[in-house]
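Readers should treat all values here as calculations from the given coordinates under stated rules, not as data from a laboratory. Only a predicted model underlies this, so the values are computations on that prediction, with no experimental measurement involved. Don't worry about glycine lacking a Cβ; one is built from the backbone with ideal geometry, like all the others, and counts go over all protein chains shown.
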Amino acid sequence: MNKTLLAALIPWVPALGALVCAWMGTRQTLRKFSGWACVASVLASFVFTCALAGNGGLKEETKFTVEVFDWISVGGLQGGMSYLIDPLACVMLLVVTGIGSLIAIYAVGYMKGDKHIGRFFAAVALFIFAMTTLVMAKNLLVLFLGWEGVGFCSYLLIGYYYGKDSAVAAGKKAFIVNRIGDLGFLIGIFLCWTVFGTIDIPEIVKQAPALALTGGILFTLIPFCLMLAAFGKSAQLPLYVWLPDAMAGPTPVSALVHAATMVTSGVYLIARLFPVFEAVPAALAVIAVVGCATALLAATIALCNNDLKGVFAYSTVSQLGYMFLGLGTGHPEASVFHLVTHAFFKALLFLTAGSVMHALAGQLDIRKMGGMGRHMPVTKWLMFLGCLALAGFPFTSGFFSKDAILAGVLEGGTPLHKALFAVALLTAFLTAFYTFRLWFTVFSGETKFEMGDEHHAEEGHDAHHGDAHAHEPHEMPWWPMNLPLVLLAVGALAAGMIFSGPITTAVLGHAEHLTEEAHHTHQTVMFISGAVALAGIAAAFVTHAWKRDLSVKIAAAFAPAVRVLEGKWFVDELYDFAIVKPLWLLGQILFVLDTVLIDGLVRAVAAIPGLIGRLNREGQGGRMQGHALAMLTGLALVAVFLLYALHAQAR
Amino acid sequence: MTPETMSSMSQTALAHYLAIGAILFVLGLIGFVTRRNLILMFLCTEMMFQGIAVTMIAFARYHGNLAGQAFVIFILTVAACEAALALGLVVLLFRRRRTLNADAWNEMKG
């Protein structure tokens, strides 16, 4: 098969898969196989990606475009459905389809017995279509299509359990908050069209450096607009509030959409258009500061969060902050590297969290868990590996990628960079601490658990274990659930060593040549960040495994701080007070104005024909005599008039 | 009869004929407006017709012009045809509703 066809098939096979899943969902007998249809389509997409990557797709000189069809073509605006295949796109495609396949396989086990399974897998396959479209887009219009597509699928999947009010509200929140960012994206596209006269990404990237000095205000605005879009989609300050709520969706969705792939599309957008951002240093500085602030803020919230998925959600926000920090300090290769390793270990963490949740019938409160390792040893150690990688334990994948970002920050050299480095290091310590706080709380200590209120579906896993075990937590089966997790765990451990070089080459377009000094910086940073990670893990061990009363004492000593952190800095309340309530009030006022003024006017106009009709209705009584009389009267009037006229003439 | 041989009519006689024509017409009109029975209404219209015919013949005689008389013959012929049709329609309508009341046919009521 030639490369063009391969590239075109990558998004469209999952699109077909979505249709097939949706159709199977409507058939009683086929419904339980719709998961495998989804897996097959995503896996096929992964195979095509591998073929493409193995066929030289990852080589730095590879760059070709695929025109699938002419989508929108108006005047000089050429918005064809065209794909751009280069090493950066290939790396992203491997992550999206590869991790997507593993998560889809896990989801087949996780969602087993659910009534609306067809809807779930159709949305997952559609998501893969949208995400691959986003990644492969050659022009901003197609990128925007994918961008909106993933947002829509995310909305569908967050609100999957539409019977729960919280899930519906979370879906709406995600959609509306993203809308703010999308406004920035749209304006950014318009500005690109104005400034560059094209929306073609390679063309924009080529022209951007020359405009750095002469671009004017419109050019300077482009990165800020696009940045807003990235902040919305990748859950950065001030638009991060939707991501923690998005955990209302099924756990495989949290792993796929809200940890591994969709939320990284903001990072991808900036990496893709990096020359545009590089040309405006102020924009890069803003990205770095926002990323760093988000990383710290989310890490502090995660410290005191007691929700199993909530901790990982905030840690995702925090790690995305790291990626933005890397972008802002001019190291997109480090960010994309962290994106890839993060996809592995965060997907692993979410899926193991899903296993725990599954075993405990939907229980998410970690205060009600303890010693779960005895019931689920495999999950325990899989999550341990994920936690190691997230904490940045030496020689795991997270360690290498975090180190790449930290070293990049320190290389900047200015006081700002030093401050950012200090904050990032503090965040790294907090990350290691809260990660292992969670792990020790859930898996060590005395065995205790409280079942949640979700019941397994009739044909769920309890069927395999018999009813005797129905009220005991149980380990997940190897196939199809734990085996994909093992592959993810291998990735979480080894991805750092294997992919560091290829990704750097792929993103930069050439192999990285470290100077002696930079190499030295890297080594120093490695020691520091490794030590920080170990310190964080040790602190968590002391307070949450060795001497558990200590954590209670510390919490009591810092009670006001704990209250603020448990309230998530009251950001949601602040937004509610400052934005939601005033807008709601405005909406109410406009509603009243609309009913009274606009509707009143329209109704008044509409009343006139009614009135005329009512006046005439009597004349249309259907009585022949009435009509005859009316005719006669008319005739008489005409006769009188004629006689009068004749008489007047004769005189 | 030629116009010369036709004896002309005095103005008084004309006035009497015209009065009879007008009375016939108005009686027919009142009947048409007040009755509900389809056949009676139809007969009333015939009466109005005859009122007009009498008037036309009177004028023709008065002016010594045969055109009016010829016209009346035409009108009577047409009226006879029309009467046959109209009575047939009345029978059909009666078969539909089993009544001759004109109010039974008011679907076009507003």
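Structure values in brief
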quantity	calculated
Over chain A: Kirkwood hydrodynamic radius from C-alpha pairwise inverse distances, Å	26.9 Å
Number of partner chain Cβ atoms within 10 Å, mean per residue of A:623-629	5
Rounded to 10°, Cα long-axis angle of helix A:201-214 versus longest principal axis of chain A	90 degrees
Helix B:67-97 vs. chain B, principal-axis angle (Cα, 0 to 90°, nearest 10)	10 degrees
Relative exposure of A:T294, A:T414, A:T341, A:T220, judged by other C-beta atoms within 10 Å (fewest first)	A:T414, A:T220, A:T294, A:T341
Long pairs among A:K402/A:K568; A:K59/A:K418; A:K32/A:K309; A:K309/A:K581; A:K380/A:K553, criterion Cα-Cα beyond 30 Å	A:K59/A:K418
Residue-averaged [θ]222 nm for chain B, counting only DSSP H segments that reach four residues, each worth -39500 (n - 2.57)	-26500 deg cm²/dmol
Long-range HN-HN contacts of A:G370 with modeled amide H, under 5 Å	A:K448
Isotropically averaged projected area of segment A:516-625, using the convex hull of Cα atoms (one quarter of hull area), nm²	19.9 nm²
J(HN,Hα) series, segment A:494-505, from Karplus relation 6.51 cos²θ - 1.76 cosθ + 1.60, nearest Hz, glycine and proline x	9, 4, x, 6, 6, 8, 3, x, x, 5, 4, 4
Gyration tensor (alpha-carbon) shape descriptor, segment B:11-100, a/c threshold 1.5	oblate
Translational diffusion coefficient (Stokes-Einstein; Kirkwood radius from C-alpha pairs) of segment A:349-439 at 37 °C, 0.692 mPa s, in µm²/s	222 µm²/s
Rg/Rh for segment A:129-183, where both radii come from Cα atoms and Rh is the Kirkwood radius	1.07
Other protein chain Cβ atoms within 10 Å, averaged over every residue that makes up A:334-342	0
Extended-chain gain in nm, criterion 0.36 nm per residue less alpha-carbon gap, A:Q523 and A:N2	183.2 nm
Neighbour-limited loop hits for GluC sites (Glu not before Pro), segment A:18-116 (at most 10 other Cβ within 10 Å; DSSP other than H, G, I, E, B)	A:E61
Amide H within-cut-off set for A:N139, under 5 Å, with H built and near neighbours excluded	A:S82, A:I201
Dimensionless Rg/Rh of segment A:153-233 - Kirkwood Rh, Rg from C-alpha atoms	1.19
In order through segment A:222-236: 3J(HN,Hα) via Karplus (6.51 cos²θ - 1.76 cosθ + 1.60), integer Hz, x for Gly, Pro	3, x, 5, 5, 5, 4, 4, 4, 5, 5, x, 5, 9, 6, 10
A:Q78-A:E618 FRET efficiency (beta carbon distance; Förster radius 45 Å; 0.05 resolution)	0.10
Fewest-first sequence of A:L5, A:L218, A:L88 by Cβ atoms within 10 Å of each Cβ	A:L5, A:L218, A:L88
0 to 90° range, to nearest 10: angle between helix A:599-617 axis and chain A longest Cα axis	30 degrees
Computed [θ] at 222 nm, helices only, for chain A once each DSSP H run of length n ≥ 4 contributes -39500 (n - 2.57)	-24000 deg cm²/dmol
